[in-house]
Structures are given as C-alpha cells and as structure tokens.
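The values are calculated or read from the model by the stated rules, or taken from the named source; none is laboratory data. This structure is a prediction, so every number in the text was calculated from the model and none was measured. All Cβ positions, even for glycine, are placed from backbone atoms using ideal geometry, and neighbour counts span all protein chains on display. Remember, those area values only see protein heavy atoms, side chains included, never the ligands or the DNA or RNA. Shrake-Rupley method; radii C 1.70, N 1.55, O 1.52, S 1.80 Å.
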Amino acid sequence: MSLTRSLSLALVLALSGIANAAPALGDAASWVRHAKSDLLPWWTQSGAQGAPLGRFPTFRCHDGSAYAANAPCAELKNAPEWIRSELGRDYVRMQARQVFAYGMGFHLTGDPRLLVLAEAGVRDIRSRALDPETGSPVTYWQDGKGLPAPELRTAQDIAYAGTALAVGYYLTRDAATLADLDRLHQHLMTYFDPARGRMKWALAGPEADKAELVAQLDPLNAYMILITPLLPEPMKARWKADMRRLTGAIRSQFCAGEKPRCQGTLGNPDSAQPGARHNDFGHSGKAFWMSWLAAEQLGDAELATWARDKGRALLRDAYVQGSGSWARRWTSLGVQAGNDWWIYAELDQLAATLAQRERGQAAYLRKTQAFWFKYFVEPGMPEVWSGVSASGDHDPNELRQHQWKNGYHSMEHALVSAITAQALAGKPMRLYFAPSASGAPLGAYFFGGRVSHSSIEKRRGGKVLAVDFALPAPADSPDALASLPPPSAFSFPGEIQPLDADNAKRLLGEWEGVWLAEAVGGEGRFTVRFDSLDNGAIRGRLSAFGTGNEEKTTDIAFDAKVSFADGKLIRASGDDNAFPIRYTLRREGEDEYLDWQDRFGNIALQMWVKRVRH
C-alpha cells in the first residue's frame, strides 16, 4: 500500500477560492465595516442571543440556530468527536467571549443595541455563575447544573469567565461588576503555588499539578492587561504584584530558551517537542505580547525589552514569505504553513502592537491582513473560517461556533487593527463607551492614548459616550520584510552516505522521525522498519501518526522493487503516475538519518527519520 494513499483523507482539504477586499492599513473605517458586515451578523441573529437574553448558547448550527438535543442539526450530530462529546454543555468561558464580541463591537461601532446584549451576558454570569463563597465561576452548565465542583475548575476557564466582567467594567465602570471581578481574581490567584513559582491547573483532582502555560498567560490576556490601569489603589498594587508573579513564571519556566519559543506544558515526555500541546506560534506570540504589555504597566524596562525582542524574532520565524501569511507552528524542519483563525489573529495583533512603536513592522500587516481577508473571510458568510491551509483552502463544513470558537478573537483582531491603522495614519481613533463611563480614566483598549474629544451622542437604542483618542506616533524603523532572509528549503543534518547494491543492507533496522506536508500544514511522527533487502526488493512496515486517520496509516506492510543511482536508493511510487522516490542516507557523528519525498496528487510529503535500532 502506498503511504500517500493512506494519508490522503487526512491531509487534503476542500478548495475555496472566494476572495474579499482587504482594507488599507490607514483605513480604520474599513475595519469597522468588517466588524459590522462580516462578524456581527452571526452574533446578532436571534439564535445567538440566548433565552433568556444573555444566556448565550455554546453550540450553533450553520443556519444560526442553537443546538437542540431533541433534534440536533446534521452538522452538530456529525461533528468531530471532540465536539460531539460535549454537546448539551453551555460553557461560561464561551458566554464571556460572546460578551466580548458584543462589547467590543459596541466599542467600535457605537451601536447601543450591542451594549445591551453585552450587559445581558454580564448580568447572567454575575447572577448565577459565580460561587457565593469563593467567587469561582461555573465552567459549564448541563441539565441545569453548574459543573464541575469549584476545586476542579481550571485556571484557564476561570480567567476567561473574567473576560465578561472586565468588558462590562471597561465600558460602563460599574462598581459592583468590578467587585465581582476582583473576587474572581482573588480566588484565581489562590491557584498560585509559591513552591513551584507558577499557577496550578486546578485546586484538586488528578490534573491539579499540571504545568500549563495558559494557566499563567490567560489571566493576563483575559482581563488583567485591560483592567489593571483602571483600578483604584490599593487594588491596583495588588493586581500588579500578581502580574509580576505571572510574567515571572512565563519568562523563567515556559519561555526560558534562547529561541523565540515557549513550551505549552512542562514535565511531559514531549513538552519540548514540535507539535506538543500548545507548542505553536499563537501561544508563544501571545506570551511575549502579554509579557511586554504587562512590563510596561509594571515599569519593568528589562522585561519589556526581552518580551518585545522575542516577539519581533518570533514574527520573523512565523512569517511565510511565499504566501504573505503566518505559519501555525514550528516543526522539526521549519514551520507548518496554514493556520487557525485565532493564532493568525494573535500574530497580527503582536505585529500591530510592534507597528504602533516601530513603523517598519507594518510591512508584515500589508501582506498578512490581505491574506486574512482573502481566505479567512468569505462574503455572505458571517464570522470567519476557523482554519485554512497554506494555499488558503478550508473545510466548507466546519462550524462557525463551538466550545472553543466564538467571537472573541475575530473581534479583538478588528479592534486592534483599527486602532493600529489610525496610529500609523496619525489620526485620532474614535471609540464608544456607556455614558456612565463619563469622567473616568479612559484608554484605547490596551494602547492608552490621550482623550482629545468626548461627547454624549444620541443613537438608535440609547445614548453613548463617543471618545476620540490621540495615539502616539510610531517611530521610523526599517521595513521588517526587507531584512528577511531568502526562503529556504528543508535542511537535513549530516553528510550524504552513498548507497549501492553492496551496502544498502545497512538500512535494515528501525527508524523514527516525522512526516511533513507543508502545503496543507501537516506534521506527525513517522516510523519505518526495513526487514529485508533481497533480489532487488525492500520489505518492511511503516506507521504515520497524527494524520487523523491512524487506523489507515499505522502498521502498513510494504514490498517494493528498488534500484540505485547517484548514491541513492530509488523505488517507484506504485501510483498510476509513477515517479522515482529517492532515499538519501546521511551521517552526523554516530547518528544516521534517512530522508525522502513521497506524494499524493500535488501534495508533497517529506519524510525524515533517524535510526533508533539496527
């Protein structure tokens, strides 16, 4: 059986070639239109708003209707197992992210009806999801019960529940909402383990002591960076002390290497390996971005320099020059092109923040934002695709909303991009608040700015506070793309060891490494065992993992005719359009490596393995 045939279902995606026009970097109005026309139509449908209003559903069908257990739509009924297994749950973290979508949609557009929806979500969370003794928020609701027990709730879920309260306070300055947020925060910080110098994953249970980057990172990202500058003393000093503990854990434990990379976990056998949990450009980029913003609030110039420089270096590594896009993660031999919507948004936002300080960094955005609008956004289809391949392909059957996808990332992307566009153009940024925020200290999201004008305006649905922010001018700096090295192909270790009929039996034994499908953004573990090489035929077994199709890609027997040329072992692919597959043997010190390319249609598969046993 050909390996390429067995990998095909897992690696080839359906084509979608519809493009949309990207806004110019200097045009914030286009980002507001993006929010109004592309994003908000999904969230303003009646099926999104909840019953009662504010109790937003986690799962919705293609037509916008909420999941119904007694008559599930086909797309949810036939969704992947990791989605199907949690149908019937309504996650508070996703309710909170929807509050963000409404709240920051209002912040951008000034539509009071969006503020009404955001406040409804905040009220529902405050009235029923917060534990009266600890302030701990319910993780999810199922059959009317708030689950799990408080001590089993993860730091990540608690942090993202705080997003709703943070948005509510940021827009309205309601004192009771802040009091609930501070109770939630104080409870969350009980997860900090002084002995280990980091946050626990939960307070009890089998996963309590898991070392997770997001346990340190998401409190900063979800609410602390936004709200800390607005706090009264002594609350602000207490939050800043917590901010210093979290950034310390991120830097010293998860992002301590020389390369601009962070480990998503600690202590697992694969924690440091490419492809391990949360080892991607999204989590690493967000860690450097949040650490940088936190350092500026803390007045820590050394931490700020470290985080900014790491973030700048990460963008150089993550940028895919051929397509003008961001890669998903690093691999053993380069990067995995193609991306998820949230990683792409986070990297754009890191680049945008750099561009607000260093104008030359905007060169990335001229390319990556065009890719976003061409491939993640589809006219007439509300919200954005959750993932695209290196060539922009996506799965047309994917869900627009589920237990890990809501409006948070796409709306934050629009907001940060709009603010950055105005900063680069030297123009004020207009944002909207509830009238109750009049007289309070105001800032343009994470980016401060000086209030140059404010007024109460009457809009359909109520009054709003319109505020113009003057933003600092970016410093001139070299074009970020001009300094990038030329794109390079895979680079394999070691010197080539010529193969011929007399010495080819040195290949016999077990080899382990990776398969890579750059064009569709795939990578996984690969093993091969060569059992015999006799009479011009090579025999053995192979396994490819991480394909999503393991039952068809593991423990495959092969028996192929081979020949030799130019010091390489050659076999025919066995496909109708046969092409020679050339195995190259290399040695580096005591280690031996073997690499070759296979193919499915137009998809090239690169194999790279190291000998593990003779």
308, 611, 60, 459, ranked by accessible area, largest first (probe 1.4 Å): 459, 308, 611, 60
Sum of -39500 (n - 2.57) over DSSP H runs of 4+, divided by residues of the chain (222 nm, nearest 500): -10000 deg cm²/dmol
Mind checking the log10 I(q)/I(0) for segment 315-356 at q = 0.14, 0.22, 0.29 Å⁻¹? Debye, one equal scatterer per Cα, no solvent, two decimals. -0.29, -0.69, -1.06
Magnitude of the Cβ-charge dipole (Lys and Arg +1, Asp and Glu -1) of the chain about the Cα centre, nearest 20 debye, reported as 1280 debye
Give me the distance in nm between label points sitting 7 Å out from Cα along the Cα-to-Cβ direction at residue 301 and residue 541, one decimal. 6.3 nm
Can you tell me which of 72-85, 275-288 comes out highest on packing, and rank the rest after it, using the mean Cβ neighbours within 10 Å? 275-288, 72-85
Here FRET efficiency (C-beta to C-beta, residue 450 to residue 366, R₀ 22 Å, nearest 0.05) is 0.20
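Under the definition of Cα pairs under 8 Å and six or more residues apart, what whole-number percent is the relative contact order of the chain? Before the final figure, lay out the partial values.
On the way: 1249 pairs, mean separation 97.0, N = 614.
Averaging sequence separation for qualifying contacts and normalising by length gives 16 percent for the chain.
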Using the Karplus curve 6.51 cos²θ - 1.76 cosθ + 1.60 with θ = phi - 60°, work out ³J(HN,Hα) for each residue of segment 139-144 in order, rounded to whole Hz, and write x for Gly and Pro. 7, 8, 9, 8, 6, x
Over its alpha-carbon atoms, segment 40-180 yields an Rg and a Dmax in Å of 15.1, 45
Two-decimal log10 I(q)/I(0) for segment 442-510, as the Debye equation yields it once each C-alpha is a single scatterer, q = 0.11 Å⁻¹: -0.63
Given R₀ = 51 Å, FRET efficiency for residue 186-residue 610 by Cβ-Cβ distance, to 0.05? 0.55
Segment 32-172: relative contact order as a whole-number percent, Cα under 8 Å and 6+ apart: 24 percent
Calculate, axis by axis, the spread of Cα positions in segment 373-512 along the three principal axes, and write the results as whole Å, longest axis first. 86, 43, 26
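For residue 549 and residue 53, calculate 0.36 nm times their separation in residues minus their Cα-Cα distance, and state this gained length in nm to one decimal.
174.4 nm
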Overall dimensions of the chain by Cα: Rg and Dmax, Å: 25.9, 87
Could you state the orientation-averaged shadow area of the convex hull built on the Cα atoms of segment 279-389, in nm² to one decimal? 7.4 nm²
At a probe radius of 1.4 Å, what is the per-residue accessible area of residue 122, in Å² to the nearest 10? 10 Å²
Could you state how much accessible area residue 331 has, in square angstrom rounded to the nearest 10, with a 1.4 Å probe and all protein chains kept in place? 10 Å²
Sort 554, 547 from largest to smallest accessible area, using a 1.4 Å probe on the heavy atoms of the protein chains. 554, 547
Strictly under 4.7 angstrom between C-beta atoms: which cysteines of the chain have no such partner? none
Find how much the distance from residue 492 to residue 81 grows on full extension, using 0.36 nm per residue of separation minus their present alpha carbon separation; answer in nm with one decimal. 144.3 nm
So which lysines can residue 561 reach, going by Cα to Cα under 26 Å and dropping same-chain residues fewer than 8 places off? 505, 552, 610
I'm checking a number: the convex hull volume of the Cα atoms of segment 105-204, normalised per residue, in Å³. What is it? 111 Å³
Per residue value of the accessible surface for segment 332-479 (all protein chains in place, 1.4 Å probe), Å²: 33 Å²
Could you work out the relative contact order of segment 183-313? I mean the mean sequence separation of Cα pairs under 8 Å and 6+ apart, divided by the number of residues, in percent. 19 percent
Surface share of carbon and sulfur [accessible, 1.4 angstrom probe, percent] for the chain: 50 percent
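Could you list, in their original order, any pairs among 236/367; 310/427; 145/240; 210/367; 374/568; 310/405 whose Cα atoms are separated by more than 31 Å?
In this structure, 236/367; 145/240; 210/367; 374/568 lie more than 31 Å apart at Cα.
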